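The values are calculated or read from the model by the stated rules, or taken from the named source; none is laboratory data. No experiment lies behind these values; they were computed from the predicted model shown. Please note: Cβ atoms are built from the backbone with ideal geometry, for glycine as well, and neighbour counts cover all protein chains shown. Heads up: the accessible areas ignore ligands, DNA and RNA and are worked out on the full protein's heavy atoms, side chains in. Shrake-Rupley method; radii C 1.70, N 1.55, O 1.52, S 1.80 Å.
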Amino acid sequence: NSLLKEKQKEHLTKHNNTITDTHYYFGKGNRVSHASLSPAGDKLLVSITDAKSSRDKSDIMPNYVTKDGVIAAEKVRARVANNRQYSEELFIIDLTTGEKSALSYDTLPSFDTDVLAKVKKENYSRAGKEYVSKKQARHIHLLQMWHPVKWNADGSQVALMLEAWDNKTRWLTTVDFAKKALVTQHRLSDAAWINYAFNRFGWLKNSSSLYFLSEHSGYSQLYVKPVDGKLQALTQGNFVVDQITQSPDGQHIYYKANKKHPGIYEIYRVATDTSASQPQSDILTQLNGMTDYVLSPDGTQLLLTHSTMNRPPELYVASALSATTPVKISQFVSDEYMAMGFKAPSIVEVPSTHVDEPIYSRLYIPSQPKDAAPA
């Protein structure tokens with residue numbers, strides 16, 4: 001049986017030039033963490049890491065709900081305290097020549113910065129000691145939460161989203177294939193923590209420009225960056241941009257944002273033409289609640305999921321080209337629920353002398369006579 005399989009493989013390799021018998025060795029004890037083939041099929045980006053698990057035998061989670069009523073010790077994941085400093089090595093493989101090249105992190109700005117130097121100095125000072133900061137390469141890897149490797153349409157460019165293990169820095173990079181080197185397109189640093197939620201990115205259609213989210217202004221905003229050009233903001237303000245989608249023709253990017261109020265998200269679109277000094281966004285919905293969307297394949301319609309504080313999510317359809325009244329296409333609540341007469345709470349802004357910005361909150365009080373004092 002094994003001899004037959006070997007002959008079949010040999011026959012396929014001989015008569016099909018898309019099959020190769022080439023092997024690439026990445027070292028004993030390593031495993032492939034990511035592998036991404038270019039659309040042209042001529043390059044392969046690979047990241048490898050130590051195959052050893054960071055989970056200790058004592059890392060268990062008690063399961064209290066069992067058939068026999070006896071608490072079971074489940075082997076789940078490594079405890080945070082036991083988590084090793086995770087890192088990956090990057091390689092680019094030229095499938096035409098068979099050349100395998102390592103991509104060093106040395107080209108990344110602050111790749112060896114002692115980001116905890118200030119905290120360490122304070123801790124040493126309390127003990128009557130002096131801390132001397134030393135540069136040392138940080139543990140870096142591909143961002144785990146989203147698709148961290150994006151090729152452009154023809155495979156001539158690739159973008160990577162990298163982060164440091166200490167969660168203090170993330171880099172959006174491209175690869176210089178001639179020099180076999182990483183090129184930083186954008187860096188985001190935070191003394192506390194990099195938010196995983198706002199790091200989506202991609203390539204603008206028919207261009208060598210990246211679009212991505214970043215919180216470097218203090219809020220998640222949308223940016224465009226040509227590989228060899230300057231960064232430009234497509235949105236600006238004290239609000240959060242999320243859930244970005246490029247239109248089929250690449251002329252617009254759709255997104256949701258809470259421009260009106262922290263608890264109200266509407267759907268917007270902005271032109272990707274970077275010739276405008278201050279790009280303007282078009283608001284496409286005015287539903288005043290929590291609204292999410294999916295863009296239709298032809299880019300003409302939006303499928304919306306909308307909810308409010310007193311109504312669960314319902315489905316709507318709206319135009320993706322201009323602001324129109326969305327058409328409700330679902331009714332998930334019963335007539336009994338509707339008859340209960342839930343009223344949407346009013347939004348009241350109360351000025352404060354203690355803070356510069358308003359603190360948004362909700363106050364729930366029991367039903368009582370109008371002349372009774374609040375509890």
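Based on protein heavy atoms only, the chain ends up with 64 Å² per residue of surface accessible to a 1.4 Å probe. Residue 357 contributes an accessible area of around 130 Å² to the protein surface, as traced by a 1.4 Å probe with all chains present.
Computed 3J(HN,Hα) for segment 179-192, one whole-Hz value per residue from the Karplus formula 6.51 cos²θ - 1.76 cosθ + 1.60 where θ = phi - 60°, is 8, 6, 9, 7, 10, 6, 9, 7, 10, 10, 10, 8, 5, 9, glycine and proline marked x.
Could you work out how much longer the chain between residue 52 and residue 208 gets when fully extended? Use 0.36 nm per residue separation minus the Cα distance between them, nm to one decimal.
52.3 nm
Scanning residues 5 or more positions from residue 33 or on other chains, those with amide H under 5 Å from its amide H are 47, 48, 49, with H placed 1.01 Å from N in the peptide plane.
Taking 2.2 N^0.38 Å as the expected size of a compact globular protein, what ratio does the Cα radius of gyration of the chain give against it, to two decimals? If you can, show how the numbers build up before the last one.
Details: Rg = 26.6 Å, N = 375, 2.2 N^0.38 = 20.9 Å.
So the Cα radius of gyration is 1.27 times the expected 2.2 N^0.38 Å.
Alpha-carbon geometry of segment 236-327: the Rg and the Dmax are 12.9, 43 Å, given in that order. Rounded to the nearest 500, the helix-only mean residue ellipticity at 222 nm of the chain stands at -2000 deg cm²/dmol, with each DSSP H run of n ≥ 4 adding -39,500 (n - 2.57). Gyration tensor over the Cα atoms of segment 165-303: the corresponding equivalent ellipsoid has semi-axes (square roots of 5 times the eigenvalues, largest first) of 26, 20, 13 Å.
Computed FRET efficiency, Cβ-Cβ of residue 116 and residue 187, R0 25 Å: what is it to the nearest 0.05?
Efficiency at R0 = 25 Å is approximately 0.90.
List the pairs from 121/230; 75/135; 57/180; 118/259; 9/100 whose alpha-carbon separation is above 29 Å, in the order I gave them.
Values: 121/230 37 Å; 75/135 37 Å; 57/180 41 Å; 118/259 36 Å; 9/100 24 Å.
Correct reply: 121/230; 75/135; 57/180; 118/259.
What the Cα convex hull of segment 105-181 gives, in volume per residue, is 83 Å³. A quarter of the convex hull surface defined by the alpha-carbon atoms of segment 131-174 gives 3.9 nm² as the mean projection. Measuring between alpha carbons in the structure, the pairs from 43/179; 150/260; 43/205; 14/43; 43/168 lying more than 24 angstrom apart are 150/260; 43/168. Angle between the Cα long axis of helix 2-15 and the longest principal axis of the chain, 0 to 90 degrees, nearest 10? Roughly 90 degrees, rounded to the nearest 10.
Relative to the dominant Cα principal axis of the chain, helix 117-126 is inclined by about 80°. Cα-based values for segment 215-269, radius of gyration first and Dmax second, are 12.0, 38 Å. Based on alpha-carbon atoms, the Kirkwood radius and the radius of gyration of segment 24-158 give Rg/Rh equal to 1.11. When the solvent-accessible area of the chain is split by element, carbon and sulfur atoms take up 53 percent of it, the probe being 1.4 Å.
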